[in-house]
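Structure first, commentary second.
Values in this text are rule-based calculations from the coordinates and carry no lab data. Keep in mind it's a predicted model, so treat the numbers as computed, not measured. Cβ placement follows ideal geometry from the backbone for every residue including glycine, while neighbour counts extend to all protein chains displayed.
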Amino acid sequence: MSSPVILPPAVTKTVLIFGGTTEGKQAVAWLTGTPYTFWYSTKTQVETELPPNGRYRWGAFTTATLAEFCRLHQVGCFVHAGHPFAEALHATVAEASQQLGLPVLRLERDYPPRQAQPLIQYVADYEEAVTCLRTADLSPVLALSGVQTIERLRGYWQHQPMYFRVLPRASSVALATRAGLPAEWLLPAEPGSEVAAETALIRRLGVRAVVTKESGESGFLSIKLAAAVAAGVPIFVVRRPALPAHFRPVAGEGELLAHLHSHLHGLTAGS
């Protein structure tokens, strides 16, 4: 008599994906058609298409509201595909995951190696970038660090011209306007994906320095670095913040699904 086939227990827990990024969309694609139901969460409301096994919610979580959401929807695992500079989200996910005993799978993006190049300077934060710019008396400056950094760089642009390229969205323009940034310093446009175009922008504006953040290849970091070097101007790169030690890095569809299989079925990865 043959032995009975033992099937893994049914999946009763859901997955919560923190997205709003290229990596978040990738996670959705990888979970499409799998046995796993999931929630896709973004800080601000975005247009998104989800498969039948996916649901959408938006709005910033606090630790308390995230924990309550997880209890209500039987969340069994976090897939953290949020932006590397979403420090408030990192902290909230870390606290809630430890309170609830839930694993955090970190879907990390690719980062170019840090370069030892005289024109490329890595700094700890935006405050250090402002200090370097003002000490070297570099003006005007082009900020390729996103609309959320306008406030962080206020210490510079309140005294010297600083252009900000932001996504061409009404919400981004409104945020810049509320911050008090002069309209002539606002450049609504998509990120540049070609070195020649970025170099031309630097030269057209006549800027003497660029500020950006270590946002990885999804944020076209290599393009920005190469363009600044080609234009012969220094570029100050704010280093990405460290992630909590208990976040588990995963790379690729197979590794993500293996870990979900482990955590949601109670089996070892690869079983």
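Observations on the model:
- For 224, 25, 13, the sequence from fewest to most other C-beta atoms within 10 Å is 25, 13, 224.
- Taking 24, 216, 59 in turn, the Gaussian network model of the chain (Cα-Cα springs below 10 Å) assigns the largest fluctuation to 59.
- Gain on full stretching of the segment that runs from residue 62 to residue 160 - 0.36 nm per residue minus C-alpha separation: 31.7 nm
- Averaging the sequence gap over all C-alpha pairs within less than 8 Å and six or more residues apart, then dividing by the number of residues, gives the range 43-170 a relative contact order of 17 percent.
- Mean residue ellipticity (222 nm) of the chain, computed from DSSP H runs ≥ 4 via -39,500 (n - 2.57), nearest 500: -10500 deg cm²/dmol
- Across the chain, Cα pairs under 8 Å and at least six residues apart give a relative contact order of 20 percent.
- A straight Cα-to-Cα reach below 14 Å connects residue 224 with the aspartates and glutamates 190, 194, 198, 214, residues fewer than 8 places away in its own chain not being considered.
- Debye, to nearest 20: dipole size of the chain, +1 on Lys, Arg Cβ, -1 on Asp, Glu Cβ: 260 debye
- Whole-angstrom gap from the range 17-96 to the range 207-230, using each part's C-alpha centre: 28 Å
- Listed candidates (1) -0.47; (2) -0.40; (3) -0.30 - label of the one calculated as log10 I(q)/I(0) by the Debye sum over Cα atoms at q = 0.08 Å⁻¹: (2)
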